[in-house]
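So the structure is just underneath, and the comments pick up after that.
The values are calculated or read from the model by the stated rules, or taken from the named source; none is laboratory data. What you see is a predicted model; the values in this text were computed from it and never measured. Note that each Cβ is placed from the backbone with ideal geometry, even for glycine, and that neighbours are counted across all protein chains shown. For the accessible areas, the whole protein counts, side chains as well, though only heavy atoms, and no ligand, DNA or RNA atoms are used. Shrake-Rupley method; radii C 1.70, N 1.55, O 1.52, S 1.80 Å.
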Amino acid sequence: MMAKSKYKGKPSKSEELLENPEVIAQQITKTEQFIEKNKKLVFSIGGVLATAIAVYFLYNYWNTNQNEAAQNEMFQAVYYFEADSLDKALNGDGNNYGFLEIIEEFPMTEAANLAHYYAGAGYLKKGEYISAIDHLNEFSSNDLLIQARAYALLGDANMEMGNLEEAVSFYNEAAGYNPNEYTSPGDLMKAAFVYELMEDYEAAMECYDKIVKNYVNASEYQTARKHRARLEGMINAG
């Protein structure tokens, strides 16, 4: 038997609907009448939804195939990059794509995203700093170490161009992005160096202090201690 509302008096609308077959029949009739009167609207909405679902699955299928093809093309470009054959890494060798062609031919793929990173690093090695910055700014990754490395490379490129404020900002971002004893101390040392060039000695000392306090096993530890002591003497003497 259908449970009744705990409140006495007139049944709720939901109870009335569930307990009265005539009400159910009336609701079905109203729905049928609405569909009959609005066939075009109903079927248009259904068609749009069906098309959207089809486009979604087709795009995923296409993107997966594009990404696989792009990744296959990446192997030779990465080989050239690691061998310091930077022109071939960037532009290809006539038979195999370089990073720039992968970016152009396979946009919106993970391989193209990674190609931006390699292209930025390649241009940095070639001394073409504006191009390096452009490509590194296009790169984004959930991989904590490689994203931190990209920030550090952006710091290097800006440093070479004399953009000290931008450089130290990227070095700090690299050091603070997934802090670890392998890369963060080096990024902090670079940041401290730039701060000293800017004559912001307290900020530089803070960088050295972070290394001394947090990265006692890092190869930069002893150097950071010496520079921190030196700056402490400078600041106290001033």
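Structural remarks
- Checked across the stretch 187-204, the condition of being over 24 Å from residue 149 (Cβ atoms) and either part of a helix (DSSP H, G or I) or in contact (Cβ under 8 Å) with a residue 60 or more places away in the chain (or both) holds for at least one residue.
- Contact map, the stretch 86-98: residues that are in contact (Cβ under 8 Å) with a residue 60 or more places away in the chain and within 21 Å of residue 124 (Cβ to Cβ) paired with residues that are open to solvent by less than 10 Å² (accessible area, probe 1.4 Å) and of a type outside the set (Lys, Arg), Cβ distance under 8 Å, separation 6+ or inter-chain. No pairs are found.
- If the condition is being closer than 18 Å to residue 176 by Cα, part of a helix (DSSP H, G or I) and in contact (Cβ under 8 Å) with a residue 24 or more places away in the chain, then the stretch 211-223 contributes 211, 214, 221.
- In this entry, residue 226 passes the filter for residues that are without any contact (Cβ under 8 Å) to a residue 12 or more places away in the chain and in a helix (DSSP H, G or I).
- Considering 70, 77, the condition of being modelled with pLDDT of 90 or more and either in contact with a helix residue (DSSP H, G or I) (Cβ under 7 Å, 6 or more places away or on another chain) or hydrophobic (A, V, I, L, M, F, W, C) (or both) is satisfied by 77 alone.
- If you check 89, 119, 112, 132 for being at pLDDT below 95, buried (at least 19 other Cβ atoms within 10 Å of the Cβ), of a type in the set (A, V, I, L, M) and farther than 30 Å from residue 217 by Cα, only one passes: 112.
Quick grid of which residues meet (1) open to solvent by 60 Å² or more (accessible area, probe 1.4 Å); (2) under 16 Å from the mean Cα position of the chain (by Cα):
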| position | (1), (2) |
| --- | --- |
| 140 | yes, yes |
| 145 | yes, yes |
| 150 | no, yes |
| 164 | no, no |
| 174 | no, yes |
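- Options 82, 105; residue that is of a type in the set (Asp, Glu), farther than 25 Å from residue 187 by Cβ, open to solvent by 50 Å² or more (accessible area, probe 1.4 Å) and without any contact (Cβ under 8 Å) to a residue 60 or more places away in the chain: 105
- Flag for residue 197 being surrounded by fewer than 17 Cβ atoms within 10 Å (Cβ to Cβ) and within 28 Å of residue 86 (Cα to Cα): no
- Restricting 172, 137 to those that are within 21 Å of residue 220 (Cβ to Cβ) and at pLDDT 95 or above reduces the list to 172.
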